[in-house]
Amino acid sequence: MALPAILRPALRAMLLIVLWGGLWGCGWVNPAPPRSVVAEAVAQKVAQTQVALQQQLGGITDTEAMVFPQPSGIHVTGHHWTTLNHQPTLEVNGTYHLKGGGLGWGQQRQTRPFSLYLRRAGDDQWIMVNPLE
């Protein structure tokens, strides 16, 4: 049984939409970085913030000797693609907790928001981008 000529383009369009939607959902069209990349980027951002605070306060000048709190309980709440400096960049939002680094129990229980900008640098490579640069 042949389809009427008028239905063929509509059927093709529907199949393309379903295929594209499936690829989008699998991350092939809109890839997201692995959880380990996000965790590493959050840890890097926390360390950068701690170093900047210590330098502003005139504290420890040897940053390698510092013990930083480590992020834990990282939860990604969303991500979407945007453009920074004319290059596609992924904005990742979520929350985390800190542990260690001399933090008290109350400070460790605080849920902290984060927003990161990551850019693909290869197949499995991602780099953190500062949106202000």
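The values are calculated or read from the model by the stated rules, or taken from the named source; none is laboratory data. Values in this document were obtained by computation on a predicted structure and should not be read as measured data. Ligands, DNA and RNA are excluded from the accessible area calculation, which covers all protein heavy atoms including side chains. Shrake-Rupley method; radii C 1.70, N 1.55, O 1.52, S 1.80 Å.
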**OP:** Would you check the accessible area of Val76, probe 1.4 Å, heavy atoms only, in square angstrom rounded to 10?
**Re:** 50
Subject >> Rounded to whole Hz, the Karplus (6.51, -1.76, 1.60) HN-Hα couplings of the range 83-88, x for glycine and proline >> reply: 10, 10, 6, 6, 10, x
Original post:
If you bin the C-alpha pair distances of the range 74-115 every 5 Å from 0, what whole percents do you get?
Top reply: 6, 22, 18, 17, 13, 10, 8, 6, 1
**OP:** Kindly report, to the nearest 10 Å², the accessible surface of Met128 as traced by a 1.4 Å probe over protein heavy atoms only.
**Re:** 60
**OP:** Using the Karplus curve 6.51 cos²θ - 1.76 cosθ + 1.60 with θ = phi - 60°, work out ³J(HN,Hα) for each residue of the range 33-48 in order, rounded to whole Hz, and write x for Gly and Pro.
**Re:** x, x, 4, 5, 5, 5, 4, 5, 5, 5, 4, 5, 5, 4, 4, 4
